[in-house]
């Protein structure tokens with residue numbers, strides 16, 4: 001099988017124009033929302049009903065919400081609310097991905113050409129990067145990962 005392409009993006013610090021233009025430039029075929037909560041009032045244009053509509057109308061991109069690729073509320077709270085360490089968050093989240101067996105729950109065809117969405121502007125301290133790297137490590141294909 002040829003190499004797979006997987007993109008990631010966070011919506012914060014993006015205008016709607018910049019966000020949708022960035023997705024359109026990359027020929028992304030689907031956006032996979034990996035947020036636990038995709039209807040937050042703080043999310044602006046990225047709330048599920050609006051985002052799904054805009055993606056289709058502006059970029060002809062399909063929308064999927066896969067909360068099984070999100071941390072649990074307890075993992076998220078330990079990191080954000082209780083000011084836990086990134087290292088602990090990363091370990092807990094990767095253990096969760098292992099327990100959920102995500103590499104067998106997703107197909108390579110589904111992931112190829114898609115973009116993982118979360119809220120964090122940069123991927124360095126975001127679980128979308130961890131999901132992409134986890135799949136790259138656990139599949140026998142090489143995944144080209146680009147953070148946009």
Worksheet item: Given the Cα-Cα distance of residue 73 and residue 139 and 0.36 nm per residue of separation, how much length would full extension add, in nm?
Response: 21.1 nm
Item to complete: Take the Cα gyration tensor of the range 55-98, multiply each eigenvalue by 5, square-root it, and list the three semi-axes largest first, rounded to whole angstrom.
Response: 29, 12, 9
Worksheet item: If the chain between residue 45 and residue 80 were fully stretched, how many nm would it gain, using 0.36 nm times the residue separation less the Cα-Cα distance?
Response: 10.3 nm
Discussion item. Given R₀ = 25 Å, what would the calculated FRET efficiency be for residue 109 paired with residue 26, taking r from the Cβ atoms and rounding to 0.05?
Written reply: 0.90
Discussion item. Taking 0.36 nm per residue of sequence separation and subtracting the Cα-Cα distance, how much length would be gained by fully extending the chain between residue 122 and residue 12, in nm to one decimal?
Written reply: 38.7 nm
Item to complete: Sum -39500 (n - 2.57) across every DSSP H segment of at least 4 residues in the chain, then divide by the residue count to get the 222 nm mean residue ellipticity, nearest 500.
Response: -11000 deg cm²/dmol
Practice prompt. Could you state, as a whole-number percent, how many of the C-alpha pairs of the range 54-141 are farther apart than 23 Å?
Written response: 27
Discussion item. Need one number: convex hull volume per residue for the chain, Cα atoms only, in Å³.
Written reply: 102
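Every number in this text was worked out from the coordinates using simple rules, so none of it is lab data. Quantities reported herein were computed from a predicted structural model and do not represent experimental measurements. Heads up, the Cβs are rebuilt from the backbone with ideal geometry, glycines too, and the neighbour counts pull from every protein chain shown.
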